[in-house]
Amino acid sequence: MQRYSGEALGPAPHIVVLGSCKVGNFVVSTPVLRGLRSRFPDAVIGFIGSEVTADFERAFPGLDWRLSWDDPSPGAGLRLLQALAALRDRHGSVRLALNLDGFNPVTCSLVPWLEPAYVAGGSLTANRRRELPWGDHPRQRFLDDPDWDSPEFAERYDGVFCSNYIAELFCQLAWVHDHVDPTAIELPAQAPPFAVPDVLIHCTTARAAKIWPFAYWRRVLDEATKRGWSVGLVGSPPAAQREAYNAGDGEESLLQSTTLIDLRGQTTLMQLAGACRQARAVVTVDAGPLHIAAAVGTPTLAIVGNDAHAVGASPVRLWMPRCANVGRTITPATCTACADGRFRNDACLVEGHPCMSAILPDQVIDWLEVQLAG
């Protein structure tokens, strides 16, 4: 196994991409998948992804096969290795393994089992005894840097990367940066099983530091009712929202005290994409629905606790969609606590959660008035 440096892969190469279990990660992976198809049009491209994002993976054009690394059923690990062996027999040995979840020990362990000629991204060595060194080229070496979201990272790779946007970094890692626009993200979509309100909102996220106060959401909803805008709440089923996404009793309180429509748990991912496409606007905290709404072209506002210089609760330089249809809030409260800890904290580290609490509802209401005018 060698580190990939942009080499030609021969006729009809077998390429395997390993992905994450997070929705946003798959969405920002779509440009590199299109770039691989553009550079290697006759390739067989397989994807080892997640049960969470399987809906999108199965429908994504350009993938020839897909499997899940996180199937929880008994015997799934053995079946995965057997399926991979059968796919190598059918399509030939793997020429390139591209790990887009390179800090995941599962995907890093899977790469050497693929026995690829070339590797891009995280991997164990062929004997599975240690981590494979990153490599010396900037498109390999950056993986060892801890500060992808920082201005210093962008300065360090000036002339190599155009930005520190994660979708571009993936394309650079795969050496397809000249074959695709990493800011152009597209997703398959299906119509949802309900009439779509004017506005869709998503209030929760797995990282509590990115939560906007529910009292502020209530003020937005009250103003929406005055203006005659219908608003729907999207997300996972209610129990999952409470247990995994910091909803607490906040969402239930909004549903009981406002005209908010409960759409949680009523869509597949592709139907959520379809609902976002039909909505007139989407407002969301920094979570998976932000990336879905951005990808389908709907006017989208990200509520993030970052100031005008992008300092704050979310790694926006790295993760904020670059689509023209996406805007973000700007907090007047500058706080470096999350960035200082590389965004590893769950809860806010500062009393009063100033970066998010300083984003007043008027920012959101004013944005909605512009989007829904006429």
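Any idea how many residues of region 195-226 are open to solvent by 30 Å² or more (accessible area, probe 1.4 Å), in a loop (DSSP other than H, G, I, E, B) and under 23 Å from GLN278 (Cα atoms)?
Residues in region 195-226 being open to solvent by 30 Å² or more (accessible area, probe 1.4 Å), in a loop (DSSP other than H, G, I, E, B) and under 23 Å from GLN278 (Cα atoms): 3 in total.
If you take the residues of region 305-341 that are among the polar types (S, T, N, Q) and surrounded by fewer than 19 Cβ atoms within 10 Å (Cβ to Cβ), which of them is farthest from LEU169 (Cα to Cα)?
THR334
Cβ-Cβ distance below 6 Å, separation of 6 or more or different chains: which pairs start in region 227-256 with a residue that is assigned to a loop (DSSP other than H, G, I, E, B) and end on one that is among the hydrophobic types (A, V, I, L, M, F, W, C) and open to solvent by 20 Å² or more (accessible area, probe 1.4 Å)?
Within 6 Å, the pairs are TYR245/ALA206; ASN246/ALA208; ASN246/ILE211.
For VAL326, which of the numbered conditions (1) closer than 25 Å to VAL282 by Cα; (2) more than 19 Å from the chain's Cα centre (by Cα) fails to hold?
Among (1) closer than 25 Å to VAL282 by Cα; (2) more than 19 Å from the chain's Cα centre (by Cα), VAL326 violates only (2).
If I ask for residues that are assigned to a loop (DSSP other than H, G, I, E, B) and open to solvent by 30 Å² or more (accessible area, probe 1.4 Å), which ones from region 342-357 would you list?
Within region 342-357, ARG342, PHE343, ARG344, ASP346, ALA347, CYS348, LEU349, VAL350, GLU351, GLY352, HIS353 qualify.
Tell me yes or no: at least one residue of region 176-183 is among the aliphatic types (A, V, I, L, M) and either assigned to a helix (DSSP H, G or I) or closer than 26 Å to GLY305 by Cα (or both).
no
Among the residues in region 282-298, are any over 16 Å from the mean Cα position of the chain (by Cα) and buried (at least 24 other Cβ atoms within 10 Å of the Cβ)?
The answer is yes; a qualifying residue exists.
Restricting attention to region 239-281, report how many residues are under 21 Å from ASP55 (Cα atoms), among the polar types (S, T, N, Q) and open to solvent by less than 30 Å² (accessible area, probe 1.4 Å).
1
Between SER236, SER230, which is of a type outside the set (A, V, I, L, M, F, W, C), surrounded by fewer than 18 Cβ atoms within 10 Å (Cβ to Cβ), modelled with pLDDT of 95 or more and in contact with a helix residue (DSSP H, G or I) (Cβ under 9 Å, 6 or more places away or on another chain)?
Step by step, each of SER236, SER230 is checked, and only SER230 is of a type outside the set (A, V, I, L, M, F, W, C), surrounded by fewer than 18 Cβ atoms within 10 Å (Cβ to Cβ), modelled with pLDDT of 95 or more and in contact with a helix residue (DSSP H, G or I) (Cβ under 9 Å, 6 or more places away or on another chain).
Could you tell me whether region 7-27 includes any residue that is over 18 Å from the mean Cα position of the chain (by Cα), on the phi < 0 side of the Ramachandran plot and free of Cβ contacts under 8 Å to residues at least 60 places away in the same chain?
For region 7-27, residues over 18 Å from the mean Cα position of the chain (by Cα), on the phi < 0 side of the Ramachandran plot and free of Cβ contacts under 8 Å to residues at least 60 places away in the same chain: present.
Does LEU301 satisfy being touching a residue at least 60 places away in the same chain (Cβ under 8 Å), crowded, with 21+ Cβ neighbours inside 10 Å and either at positive phi or part of a strand (DSSP E or B) (or both)?
Answer is yes for this residue.
Residues that are open to solvent by 10 Å² or more (accessible area, probe 1.4 Å) and farther than 17 Å from LEU173 by Cβ: which strands (runs of 3 or more DSSP E) entirely in region 9-126 hold 2 or more of them?
Here the list reads 65-68.
So which residues in region 127-155 are among the charged types (D, E, K, R) and surrounded by fewer than 17 Cβ atoms within 10 Å (Cβ to Cβ)?
Scanning region 127-155 gives ARG128, ARG129, ARG130, GLU131, ASP136, ARG141, ASP144, ASP145, ASP147, GLU152, GLU155.
The values are calculated or read from the model by the stated rules, or taken from the named source; none is laboratory data. All values derive from a computational prediction rather than experimental measurement. Using ideal geometry, Cβ is built from the backbone for each residue, glycine included, and neighbour counts are taken over all protein chains shown. When the accessible area is computed, the model is the full protein with side chains, heavy atoms only, and any ligands, DNA or RNA have been set aside. Shrake-Rupley method; radii C 1.70, N 1.55, O 1.52, S 1.80 Å.
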